[in-house]
């Protein structure tokens with residue numbers, strides 16, 4: 001652009017010079033015709049130079065506009081990329097949290113399933129003992145059922161053991177998963193549920 005401007009300035013000065021010469025020798029016929037041709041030629045070249053400057057300026061302005069629009073587009077693209085990165089990080093965090101919650105659910109279900117399986121023999125043994133006590137009471141109608149139960153030490157011990165083990169399991173589950181926040185959509189009632197974590201584990205293991 002600077003070269004075109006310098007050339008245009010040169011043509012302008014040349015035109016001014018030829019114009020002055022033409023006016024200075026206008027009264028001299030022989031020289032007037034010669035300087036008139038030079039002046040007209042300088043005038044045409046100056047017009048061409050000005051036209052070139054105008055075209056270059058128009059092109060530069062168009063390029064600058066394109067540059068501005070491109071810069072805006074790049075800026076918007078960068079913002080979009082940054083937004084997508086943030087969304088990706090949020091999605092990854094949510095997936096990680098979901099995976100951690102699934103692991104928590106799995107561990108809780110394993111705990112209660114294992115507890116139920118380990119407690120089952122004790123519960124069956126206590127139940128069988130209760131059945132035997134009831135059957136004995138039926139054969140001995142003069143025997144008080146409460147006295148019969150109190151006299152069966154093994155039966156009472158088994159039930160106490162079962163209750164103690166269940167209380168211990170509840171305490172452990174409360175300390176291990178009591179603060180876990182579980183939210184899910186119930187497949188039966190179709191409602192959003194936020195149950196107490198301890199009972200959620202137990203309910204899931206019993207389903």
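A few remarks follow.
- A straight chain from residue 50 to residue 19 at 0.36 nm per residue would run longer than the Cα-Cα distance by 9.5 nm.
- Global form of the range 41-116, assessed from the alpha-carbon gyration tensor, a/c cut-off 1.5: prolate
- With neighbour counts taken as other beta-carbon atoms within 10 Å, the residues 95, 182 rank, fewest first, as 95, 182.
Every number in this text was worked out from the coordinates using simple rules, so none of it is lab data. Note that this is a predicted model, so its numbers are computed, not measured. Every residue, glycine among them, receives a Cβ derived from its backbone with ideal geometry; neighbour counts consider all protein chains shown.
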